[in-house]
Amino acid sequence: MNLSKKLAAEFIGTFWLVLGGCGSAVLAAAFPDVGIGLLGVSLAFGLTVLTMAFAIGHISGCHLNPAVSIGLWSGGRFSASELGPYIVAQVAGGIAGAAVLFVIASGQAGFDVTAGFASNGYGEHSPGGYGLVAALTTEIVMTFMFLMIILGATDTRAPAGFAPIAIGLALTLIHLISIPVTNTSVNPARSTGVAIFQGDWAISQLWLFWLAPIVGAAMAGAVYRWFEGD
(Lines give C-alpha, C1' and ligand atoms only; values in the text may rest on other atoms or scores of the structure.)
Protein backbone atom coordinates (compact mmCIF):
# COMPACT_ATOMS: atom_id res chain seq x y z
CA MET A 1 0.00 0.00 0.00
CA ASN A 2 1.25 3.49 -0.90
CA LEU A 3 2.62 5.36 2.15
CA SER A 4 0.51 8.45 1.48
CA LYS A 5 -2.65 6.34 1.61
CA LYS A 6 -1.50 4.74 4.87
CA LEU A 7 -0.88 8.17 6.38
CA ALA A 8 -4.27 9.44 5.22
CA ALA A 9 -5.90 6.42 6.85
CA GLU A 10 -4.02 7.05 10.10
CA PHE A 11 -5.07 10.71 10.04
CA ILE A 12 -8.74 9.82 9.55
CA GLY A 13 -8.63 7.04 12.13
CA THR A 14 -7.01 9.18 14.82
CA PHE A 15 -9.41 12.01 13.99
CA TRP A 16 -12.29 9.62 14.68
CA LEU A 17 -10.72 8.34 17.91
CA VAL A 18 -10.40 11.84 19.35
CA LEU A 19 -13.73 13.11 18.08
CA GLY A 20 -15.57 9.96 19.19
CA GLY A 21 -13.79 9.30 22.46
CA CYS A 22 -13.14 12.81 23.72
CA GLY A 23 -16.39 13.99 22.18
CA SER A 24 -18.31 11.51 24.30
CA ALA A 25 -16.57 12.89 27.40
CA VAL A 26 -17.09 16.56 26.55
CA LEU A 27 -20.57 16.43 25.05
CA ALA A 28 -22.32 13.44 26.56
CA ALA A 29 -20.70 12.21 29.78
CA ALA A 30 -22.56 14.55 32.14
CA PHE A 31 -25.48 15.52 29.95
CA PRO A 32 -28.48 16.26 32.20
CA ASP A 33 -30.57 13.18 33.10
CA VAL A 34 -29.23 10.95 30.29
CA GLY A 35 -25.44 11.39 30.56
CA ILE A 36 -23.42 8.34 29.54
CA GLY A 37 -20.93 8.62 32.42
CA LEU A 38 -17.60 6.84 32.84
CA LEU A 39 -18.91 3.57 31.40
CA GLY A 40 -20.18 5.27 28.26
CA VAL A 41 -16.97 7.20 27.67
CA SER A 42 -14.95 4.01 28.12
CA LEU A 43 -17.12 2.21 25.60
CA ALA A 44 -16.91 5.13 23.16
CA PHE A 45 -13.11 4.97 23.08
CA GLY A 46 -13.22 1.23 22.54
CA LEU A 47 -15.75 1.58 19.75
CA THR A 48 -13.67 4.15 17.88
CA VAL A 49 -10.77 1.70 17.69
CA LEU A 50 -12.96 -1.30 16.90
CA THR A 51 -14.78 0.46 14.06
CA MET A 52 -11.63 1.92 12.57
CA ALA A 53 -9.80 -1.40 12.81
CA PHE A 54 -12.41 -2.90 10.51
CA ALA A 55 -12.46 0.22 8.30
CA ILE A 56 -8.74 0.90 7.79
CA GLY A 57 -6.87 -2.00 9.36
CA HIS A 58 -6.21 -3.45 5.90
CA ILE A 59 -4.87 -0.08 4.72
CA SER A 60 -2.56 1.18 7.46
CA GLY A 61 -2.77 -1.39 10.24
CA CYS A 62 -4.95 1.06 12.24
CA HIS A 63 -2.39 2.20 14.80
CA LEU A 64 -4.06 5.57 15.61
CA ASN A 65 -1.49 6.09 18.32
CA PRO A 66 2.25 6.90 18.35
CA ALA A 67 2.74 4.46 21.24
CA VAL A 68 1.16 1.65 19.23
CA SER A 69 3.45 2.37 16.27
CA ILE A 70 6.47 2.41 18.58
CA GLY A 71 5.36 -0.78 20.29
CA LEU A 72 4.89 -2.55 16.96
CA TRP A 73 8.31 -1.33 15.86
CA SER A 74 9.83 -2.56 19.12
CA GLY A 75 8.14 -5.91 18.56
CA GLY A 76 9.54 -6.22 15.05
CA ARG A 77 6.18 -5.71 13.36
CA PHE A 78 6.66 -2.23 11.90
CA SER A 79 9.29 -0.52 9.79
CA ALA A 80 11.42 2.20 11.36
CA SER A 81 11.30 4.13 8.09
CA GLU A 82 7.53 4.69 8.46
CA LEU A 83 7.57 5.44 12.19
CA GLY A 84 8.09 9.21 11.94
CA PRO A 85 5.48 9.80 9.20
CA TYR A 86 2.93 7.67 11.04
CA ILE A 87 3.40 9.66 14.25
CA VAL A 88 3.04 12.97 12.42
CA ALA A 89 -0.18 11.79 10.72
CA GLN A 90 -1.59 10.55 14.02
CA VAL A 91 -0.86 13.77 15.89
CA ALA A 92 -2.31 15.82 13.03
CA GLY A 93 -5.45 13.66 13.06
CA GLY A 94 -5.75 14.07 16.82
CA ILE A 95 -5.50 17.85 16.55
CA ALA A 96 -8.07 17.91 13.74
CA GLY A 97 -10.48 15.82 15.81
CA ALA A 98 -10.04 18.14 18.79
CA ALA A 99 -10.59 21.15 16.53
CA VAL A 100 -13.93 19.83 15.27
CA LEU A 101 -14.92 18.96 18.82
CA PHE A 102 -14.04 22.49 19.93
CA VAL A 103 -16.24 24.00 17.21
CA ILE A 104 -19.15 21.81 18.27
CA ALA A 105 -18.70 22.22 22.04
CA SER A 106 -18.25 25.99 21.83
CA GLY A 107 -21.72 26.25 20.31
CA GLN A 108 -23.16 25.83 23.80
CA ALA A 109 -23.56 28.93 25.91
CA GLY A 110 -21.18 28.98 28.85
CA PHE A 111 -18.72 26.48 27.39
CA ASP A 112 -15.29 26.84 29.02
CA VAL A 113 -12.45 25.01 27.30
CA THR A 114 -10.06 25.77 30.18
CA ALA A 115 -12.19 23.57 32.46
CA GLY A 116 -10.52 20.51 30.96
CA PHE A 117 -11.81 19.59 27.50
CA ALA A 118 -11.19 15.85 28.21
CA SER A 119 -7.49 16.55 28.79
CA ASN A 120 -5.24 14.15 30.68
CA GLY A 121 -3.67 15.21 33.96
CA TYR A 122 -2.27 14.29 37.33
CA GLY A 123 -2.28 15.87 40.79
CA GLU A 124 -4.98 18.51 41.02
CA HIS A 125 -5.89 17.80 37.38
CA SER A 126 -6.44 14.08 37.91
CA PRO A 127 -10.19 13.28 38.04
CA GLY A 128 -9.60 11.41 41.31
CA GLY A 129 -6.74 13.53 42.61
CA TYR A 130 -4.01 10.95 41.93
CA GLY A 131 -0.39 12.13 42.03
CA LEU A 132 2.48 11.99 39.59
CA VAL A 133 3.79 8.53 40.52
CA ALA A 134 0.33 6.97 40.33
CA ALA A 135 -0.30 8.60 36.95
CA LEU A 136 3.07 7.56 35.55
CA THR A 137 2.65 3.98 36.75
CA THR A 138 -0.89 3.77 35.41
CA GLU A 139 -0.01 5.04 31.94
CA ILE A 140 3.04 2.79 31.61
CA VAL A 141 1.24 -0.35 32.77
CA MET A 142 -1.97 0.28 30.83
CA THR A 143 -0.05 0.96 27.61
CA PHE A 144 2.11 -2.11 28.21
CA MET A 145 -0.99 -4.30 28.51
CA PHE A 146 -2.64 -2.62 25.52
CA LEU A 147 0.34 -3.45 23.33
CA MET A 148 0.57 -6.99 24.65
CA ILE A 149 -3.06 -7.48 23.60
CA ILE A 150 -2.50 -5.85 20.21
CA LEU A 151 0.61 -7.92 19.49
CA GLY A 152 -1.08 -11.12 20.63
CA ALA A 153 -4.38 -10.54 18.86
CA THR A 154 -2.63 -9.72 15.57
CA ASP A 155 -0.17 -12.62 15.79
CA THR A 156 -0.46 -14.94 12.78
CA ARG A 157 -1.05 -17.80 15.24
CA ALA A 158 -4.09 -16.07 16.80
CA PRO A 159 -7.65 -16.75 15.57
CA ALA A 160 -8.17 -14.73 12.39
CA GLY A 161 -10.64 -11.87 12.22
CA PHE A 162 -11.11 -11.23 15.94
CA ALA A 163 -8.29 -8.75 16.58
CA PRO A 164 -10.44 -5.59 16.27
CA ILE A 165 -12.85 -6.90 18.90
CA ALA A 166 -10.11 -7.83 21.36
CA ILE A 167 -8.32 -4.51 20.87
CA GLY A 168 -11.49 -2.42 21.15
CA LEU A 169 -12.56 -4.23 24.32
CA ALA A 170 -9.06 -3.84 25.74
CA LEU A 171 -9.19 -0.07 25.29
CA THR A 172 -12.63 -0.01 26.90
CA LEU A 173 -11.30 -1.93 29.92
CA ILE A 174 -8.26 0.35 30.17
CA HIS A 175 -10.54 3.38 30.36
CA LEU A 176 -12.75 1.74 32.97
CA ILE A 177 -9.67 1.25 35.13
CA SER A 178 -7.79 4.47 34.60
CA ILE A 179 -10.18 7.35 33.86
CA PRO A 180 -10.23 8.23 37.59
CA VAL A 181 -6.43 8.39 37.65
CA THR A 182 -5.40 10.30 34.52
CA ASN A 183 -8.57 10.59 32.44
CA THR A 184 -6.82 7.84 30.44
CA SER A 185 -4.35 8.60 27.70
CA VAL A 186 -2.26 5.59 26.58
CA ASN A 187 -2.09 7.64 23.39
CA PRO A 188 0.10 10.74 22.94
CA ALA A 189 -1.86 11.89 19.87
CA ARG A 190 -5.14 11.86 21.80
CA SER A 191 -3.53 13.80 24.66
CA THR A 192 -1.88 16.34 22.39
CA GLY A 193 -5.01 17.14 20.38
CA VAL A 194 -7.13 18.25 23.32
CA ALA A 195 -4.24 19.75 25.31
CA ILE A 196 -3.58 22.27 22.55
CA PHE A 197 -7.12 23.61 22.92
CA GLN A 198 -7.16 23.45 26.73
CA GLY A 199 -4.01 25.50 26.47
CA ASP A 200 -2.97 25.74 30.12
CA TRP A 201 -2.11 23.00 32.60
CA ALA A 202 -2.75 20.27 30.01
CA ILE A 203 0.21 21.54 27.98
CA SER A 204 2.52 21.65 31.01
CA GLN A 205 1.61 18.06 31.96
CA LEU A 206 1.65 16.69 28.42
CA TRP A 207 5.21 15.34 28.77
CA LEU A 208 3.95 12.48 30.96
CA PHE A 209 1.40 11.42 28.38
CA TRP A 210 4.13 11.09 25.78
CA LEU A 211 6.80 9.53 27.99
CA ALA A 212 4.75 6.91 29.84
CA PRO A 213 2.87 5.43 26.84
CA ILE A 214 6.08 5.23 24.80
CA VAL A 215 7.93 3.46 27.64
CA GLY A 216 5.09 1.02 28.21
CA ALA A 217 4.69 0.28 24.51
CA ALA A 218 8.41 -0.24 23.89
CA MET A 219 8.59 -2.61 26.86
CA ALA A 220 5.65 -4.63 25.56
CA GLY A 221 7.22 -4.91 22.11
CA ALA A 222 10.44 -6.24 23.61
CA VAL A 223 8.59 -8.72 25.84
CA TYR A 224 6.42 -10.04 23.02
CA ARG A 225 9.42 -10.40 20.76
CA TRP A 226 10.99 -12.52 23.52
CA PHE A 227 7.86 -14.70 23.58
CA GLU A 228 8.23 -15.26 19.84
CA GLY A 229 11.88 -16.33 20.14
CA ASP A 230 13.15 -19.87 20.33
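The values are calculated or read from the model by the stated rules, or taken from the named source; none is laboratory data. Bear in mind that the values here come from a model prediction, so they are computed numbers and not experimental data. Reconstructed Cβ throughout: ideal geometry from the backbone, glycine too, with neighbour counts over all protein chains shown. Ligands, DNA and RNA are stripped out before the accessible areas are found, and what is left, the full protein with its side chains, is counted by its heavy atoms. Shrake-Rupley method; radii C 1.70, N 1.55, O 1.52, S 1.80 Å.
Some observations on this one:
- Per residue, the stretch 113-230 exposes an accessible area of 43 Å² to a 1.4 Å probe, with every protein chain left in place.
- Residue-averaged [θ]222 nm for the chain, counting only DSSP H segments that reach four residues, each worth -39500 (n - 2.57): -21500 deg cm²/dmol
- Each Lys or Arg adds one and each Asp or Glu subtracts one; over the other residues with Cβ under 14 Å from the Cβ of I214, this totals 0.
- Normalised per residue, the volume of the convex hull around the Cα set of the stretch 179-220 (Å³): 64 Å³
- Per-residue 3J(HN,Hα) values for the stretch 134-144, derived from phi via the Karplus relation 6.51 cos²θ - 1.76 cosθ + 1.60 with θ = phi - 60°, read 4, 5, 4, 4, 4, 5, 5, 5, 5, 5, 4 Hz in sequence order (x marks Gly and Pro).
- Peptides 78-85, 175-182 ordered by packing proxy, namely the average of other Cβ atoms within 10 Å per residue, highest first: 175-182, 78-85.
- Under a Gaussian network description of the chain, with springs only between Cα atoms under 10 Å, the residue in L171, L17, L132 that fluctuates furthest is L132.
- The stretch 156-191 and the stretch 56-135 have Cα centres spaced 13 Å apart.
- The stretch 157-171 - phi-based ³J(HN,Hα) in whole Hz, Karplus 6.51/-1.76/1.60, Gly and Pro as x: 8, 7, x, 6, x, 9, 4, x, 5, 4, 5, x, 5, 4, 5
- Share of carbon and sulfur in the accessible heavy-atom surface of the chain [1.4 Å probe, %]: 70 percent
- Comparing Y130, Y122, Y86 in a Gaussian network model of the chain (Cα springs below 10 Å), the most mobile by mean-square fluctuation is Y130.
- On Cα atoms only, tilt of 83-105 relative to the major axis of the chain in degrees: 20 degrees
- Residue-count net charge about L151 - beta-carbon cut-off 12 Å; Lys, Arg +1, Asp, Glu -1: +1
- Whole-number percent relative contact order across the stretch 1-64, with pairs defined as alpha carbons under 8 Å at least 6 apart: 47 percent
- Taking 7 Å steps out from each Cα toward its Cβ at K5 and L38 produces label points 4.3 nm apart.
- In this structure the stretch 10-70 gives 40 Å² per residue of accessible area when probed at 1.4 Å with all protein chains present.
- Vicinal HN-Hα couplings computed from phi for the stretch 191-199 (Karplus, 6.51 cos²θ - 1.76 cosθ + 1.60; Hz; Gly/Pro x): 5, 5, x, 6, 4, 4, 7, 5, x
- For the chain, the relative contact order comes to 31 percent (Cα pairs under 8 Å, sequence separation of at least 6).
- By the equivalent-ellipsoid construction on the alpha carbon gyration tensor, the stretch 1-85 comes out with semi-axes of 30, 12, 10 Å, ordered largest to smallest.
- What the Cα atoms of the stretch 1-142 give is an Rg and a Dmax of 16.4, 50 Å.
- Remark: the chain carries a charge dipole of roughly 400 debye about the Cα centre, counting +1 on each Lys and Arg Cβ and -1 on each Asp and Glu Cβ.
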